[in-house]
Amino acid sequence: MAFVLPKLPFAYDALASKGMSKETLEFHHDKHHQGYVNTLNDLVAAKAELAGKSLEDLIKLSKGKPDMVGVFNNAGQHFNHSFFWETLSPEGGKMPEKLEKKIIADFGSVEKFKEEFTTAAKTQFGSGWAWLVQKPDGKLAIAKTANAANPISENLGTPLLVIDVWEHAYYLDFRNRRPDFITNYLDKLANYEFAASKLA
Ligand code: MN3
């Protein structure tokens, strides 16, 4: 049972007027993400003990194992990208009251949340991801992970939002201006309805 590249939940040109071009989505989804899925399937097919494992199980069982670095990286990247697409929306940037209240309770204000998220995404040195998560104690928190790591591998709780800060995510649209890409994500692209639906 091979892993499959999920379809984007919107048209390739649906975010073009909001700072994410059709070209970025074509390369990012059809080339980068498809590449991770293909490599993961090859690696799983080559190791009998990995047959039939879920994506989450593959991430957990390969973590920290020198002979499974490829499985960890490609399983993590498949999870992270599948989740990232869900957090983008042509209607993005609008925060439902349920989430807004929770953010104000846990961060002090929406501005403070955006500031913390931006700092994490900006200061992730090299490739990686910044997340809004709900910790096991129910509190919201910001986290950053390097390369293919994620809340499953690092036990950070339930992911609500994520931004991909690998250069391939923003270089066509924002060149080297990662901070502008992050601001654009939070204000215009982030699917806060999706994040609210994941709240416990
Ligand atoms: Mn990416």
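Values for this structure:
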{"item": "The stretch 36-95-the stretch 132-200 distance, computed between alpha-carbon centres (Å)", "result": "16 Å"}
{"item": "With Cα atoms, 0 to 90° folded angle of helix 110-123 axis to the chain main axis", "result": "40 degrees"}
{"item": "Length-normalised contact order for the stretch 78-200 - Cα pairs under 8 Å, 6+ apart - percent", "result": "36 percent"}
{"item": "Straight-distance crosslink candidates among aspartates and glutamates, where the alpha carbon sits under 17 Å from Lys114 and sequence neighbours closer than 8 are dropped", "result": "Glu97, Glu100, Asp106, Asp164, Asp180, Asp187, Glu193"}
{"item": "Dipole in debye (nearest 20) - the chain, about Cα centre, beta carbon charges: Lys, Arg +1; Asp, Glu -1", "result": "280 debye"}
{"item": "Helix axis angle, 97-107 relative to the chain longest principal axis, alpha carbon, degrees", "result": "90 degrees"}
{"item": "Within the stretch 159-200, backbone nitrogen closer than 20 Å to the virtual label 7 Å beyond the Cα of Glu111 toward Cβ", "result": "180, 182-188"}
{"item": "Neighbour-limited loop hits for chymotrypsin sites (Phe, Trp or Tyr not before Pro), the stretch 72-101 (at most 16 other Cβ within 10 Å; DSSP other than H, G, I, E, B)", "result": "none"}
{"item": "At most 15 other Cβ within 10 Å, DSSP loop - trypsin sites (Lys or Arg not before Pro), the stretch 112-141", "result": "Lys139"}
{"item": "Which of Gly19, Pro151, His78, positive extreme of dipole for the chain (C-beta unit charges)", "result": "Pro151"}
{"item": "Surface/4 estimate of mean projected area, convex hull on alpha-carbon atoms of the chain, nm²", "result": "10.8 nm²"}
{"item": "Cleavage-rule hits (trypsin sites (Lys or Arg not before Pro)) in the stretch 163-200: DSSP loop, at most 13 neighbouring Cβ within 10 angstrom", "result": "Arg175, Arg177"}
{"item": "Projected label distance in nm at Leu55 and Lys122, using a 7 Å step from Cα toward the beta-carbon", "result": "3.1 nm"}
{"item": "Principal-axis tilt of helix 34-45 within the chain, Cα atoms, nearest 10 degrees", "result": "40 degrees"}
{"item": "Over the stretch 61-171, equivalent-ellipsoid semi-axes from the Cα gyration tensor in Å", "result": "25, 16, 13"}
{"item": "MRE, 222 nm, helices only [DSSP H, n ≥ 4, -39500 (n - 2.57), over the chain, to nearest 500]", "result": "-12500 deg cm²/dmol"}
{"item": "Size of the stretch 130-200 as Cα extents on the principal axes (Å, biggest first)", "result": "38, 25, 14"}
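Since every read-out is calculated from the coordinates, none of them should be taken as a lab result. Since this is a predicted model, take the numbers as computed values, not measurements. Backbone-built Cβ (ideal geometry, glycine too); neighbour counts: all protein chains shown.
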